Amino acid sequence: KAGVTQTPRYLIKTRGQQVTLSCSPISGHRSVSWYQQTPGQGLQFLFEYFSETQRNKGNFPGRFSGRQFSNSRSEMNVSTLELGDSALYLCASTPGQGITDTQYFGPGTRLTVL
Amino acid sequence: AQSVAQPEDQVNVAEGNPLTVKCTYSVSGNPYLFWYVQYPNRGLQFLLKYITGDNLVKGSYGFEAEFNKSQTSFHLKKPSALVSDSALYFCAVRGLNTGFQKLVFGTGTRLLVSP
């Protein structure tokens, strides 16, 4: 079974631009979560989607948004990019909403904001 | 609030020696604990998890972890380290009040295994 895939793997943008990152979960997985990883803040939860509905959101400004499609694929969008948005953005999927479910992570998208 | 502490930024061990990477947690109710490993320029790879039952959990690549409720710890161990185990290790917790699938991660511990 194929793992979680994320596109693109690398992205370079300038301040003020917007960006869209894509995540395809493991086949059959219906829950997708996003995390931001930076050297200074570590791994921080962005949001979680299940059945096209946002179930949980982390403490990030409204510039960060996401959505999930009927095939469980998910996208996240960052508008008006700031230098501090440079990070590795990780997507993870789980089969459902079980509290014991394991999250399986994709390779991430490395975003650099200049 | 739920939290995880990994007190060591880096752990150094010689190949063939046992290794321990420490993790303590704070969560309301029963904890659900996870260990992940990250290699350079890669995502997180699942190693093992504790849900309930036996306090010693066995996972991938010879790793195991011991859950200790009284000490609120979940240390990762391996009897004999390999150079290829060198990577960044993250402990994570999920609790009833964490919110659905959200994981709260520690700051990570870099493991360096020398030949």
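A few remarks follow.
- Among the residues of segment A:28-58, those identified as more than 9 Å from the chain's Cα centre (by Cα), over 17 Å from B:GLY106 (Cα atoms) and of a type in the set (S, T, N, Q) are A:SER31, A:SER51, A:THR53, A:GLN54, A:ASN56.
- Filter result for B:LYS77 (touching a residue at least 24 places away in the same chain (Cβ under 8 Å) and in contact with a Phe, Trp or Tyr (Cβ under 8 Å, 6 or more places away or on another chain)): yes
- Looking at B:LEU48, B:LEU96, B:LEU76, B:LEU82, just one residue is out of contact with any Lys or Arg (no Cβ under 6 Å at 6 or more places or on another chain) and either crowded, with 21+ Cβ neighbours inside 10 Å or of a type in the set (Ser, Thr, Tyr) (or both), and that residue is B:LEU76.
- The criterion of at least 2 residues that are within 16 Å of A:ASP101 (Cα to Cα) and either within 9 Å of another protein chain (Cβ to nearest Cβ) or over 14 Å from the mean Cα position of the chain (by Cα) (or both) is met, among strands (runs of 3 or more DSSP E) falling completely within segment B:16-115, by B:32-38, B:44-50, B:87-94.
The numbers here are math on the coordinates, done by the rules we state, and not lab data. Everything numeric here is computed off the predicted structure, so don't read it as measured data. With ideal geometry, Cβ positions are generated from the backbone for all residues, glycine too; neighbour counts draw on all protein chains shown.
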